[in-house]
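> The structure follows.
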Amino acid sequence: KAINDIEQMVVGPLRKRLTLGYSINLSGQAKDLKVTWDTLKWSFFLSLIIVYLLMCSLFESFTYPFIIMFSVPLAATGGILGVKLANTIEPSIKMDVITMLGFIILTGIVVNSAILIVHQSLQNMRAGQHHQKAIMESVQSRLRPIFMTVTTTVFGMLPVVVSSGAGSELYRGLGSAILGGLILSTAFTIFLVPIVFSLWLTIKEDIQRHFRISTLGKTP
C-alpha cells in the first residue's frame, strides 16, 4: 500500500516533469518485494499445473483432475477471507510474502477431499453402480475420513495462528490462509465436486448415446 501511494502521489507526478534522459525507479526493499511477488505468483500457477498433471497420471484422465481442481478457487477464497478475518482481530496479520506461501501450500492440501470422492466414485462405478448412486455412496463413505483429515489439520495449524510467542507474528498470516481455505473448501467440496462430477458424467453419457445412435443410423 505504501509503495502504491508513493507511485501515485510522488513518483507519478515527478515523472511527468522530468526532462529527456532521466528516470525514477523504486529500489531497495520495494524492488525486492516486487521480484518476490512475481516469483510467488508464477510459483502458484506452477503448483497448480504440477498438481493437475500429477492427478492426470494417477487417474489416467484429463477430465477427472479438472473436476477435482474446482476446489482450488474455493480454497483461495477461503484463504483471503481467513486472512481478512485475522487482520480484523489482529492488524499485524497482513497479505505478506509468507502469507502467499500459505496459498501455494493450499493447492496441494485442498484437493485431497475431492480426490477421495472422485476415486471412490470410480471404484463404485467399476463395480456396476450407476454414476449418480456411485457418487452418493462415495460421499457417504468418505465423509468421515474427510472430516477426520480436515479436523486434524485445522487443530494442527491452530497454534500457528493463536500463538503469541517471539516471532509468531511471521507465520500467523500463513496459518490463517491455510485454515480459512481448508475450512471453506471442505464445506463446499462435499457438495460442489459431486454435483459437477455427476453433471459431467451425464453429459458424457448423452454424447456417447448421441454418437451411438448416429452410427447405427448410418449403418446399412
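The values are calculated or read from the model by the stated rules, or taken from the named source; none is laboratory data. Note that this is a predicted model, so its numbers are computed, not measured. When we count neighbours, we look across all protein chains shown, and the Cβ atoms used for this are built from the backbone with ideal geometry, even at glycine. These area figures cover heavy atoms from the full protein model, side chains too; ligands, DNA and RNA do not enter into them. Shrake-Rupley method; radii C 1.70, N 1.55, O 1.52, S 1.80 Å.
> Looking only at the stretch 144-160, decide whether some residue is open to solvent by less than 70 Å² (accessible area, probe 1.4 Å) and touching a Gly at 6+ places or on another chain (Cβ under 6 Å).
yes
> Assess whether Leu182 counts as being surrounded by fewer than 16 Cβ atoms within 10 Å (Cβ to Cβ) and not charged (D, E, K, R).
no
> State all residues of the stretch 161-179 that are open to solvent by less than 40 Å² (accessible area, probe 1.4 Å) and of a type in the set (Ser, Thr, Tyr); if no residue qualifies, say none.
Residues satisfying the conditions are Ser168, Ser176.
> Right, another one. Considering each of Leu40, Leu33, Leu54 in turn, give the residue that is open to solvent by 30 Å² or more (accessible area, probe 1.4 Å) and in contact (Cβ under 8 Å) with a residue 12 or more places away in the chain.
Leu33
> Is it the case that the stretch 107-115 has a residue that's loosely packed, with under 12 Cβ neighbours inside 10 Å and hydroxyl-bearing (Ser, Thr, Tyr)?
The answer is no, given that none of the residues of the stretch 107-115 is loosely packed, with under 12 Cβ neighbours inside 10 Å and hydroxyl-bearing (Ser, Thr, Tyr).
> Let me ask you something else. Considering each of Leu81, Leu46 in turn, give the residue that is closer than 28 Å to Ser164 by Cβ and either at pLDDT 90 or above or open to solvent by 30 Å² or more (accessible area, probe 1.4 Å) (or both).
Exactly one residue qualifies, and that residue is Leu81.
Rundown of residues vs (1) more than 24 Å from Leu58 (Cβ to Cβ); (2) modelled with pLDDT of 85 or more; (3) out of contact with any Cys (no Cβ under 6 Å at 6 or more places or on another chain), yes/no style:
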| position | (1), (2), (3) |
| --- | --- |
| Leu116 | no, yes, yes |
| Gly128 | no, yes, yes |
| Met136 | no, yes, yes |
| Thr151 | yes, yes, yes |
| Phe155 | yes, yes, yes |
| Pro159 | yes, yes, yes |
| Gly165 | yes, no, yes |
| Leu201 | no, yes, yes |
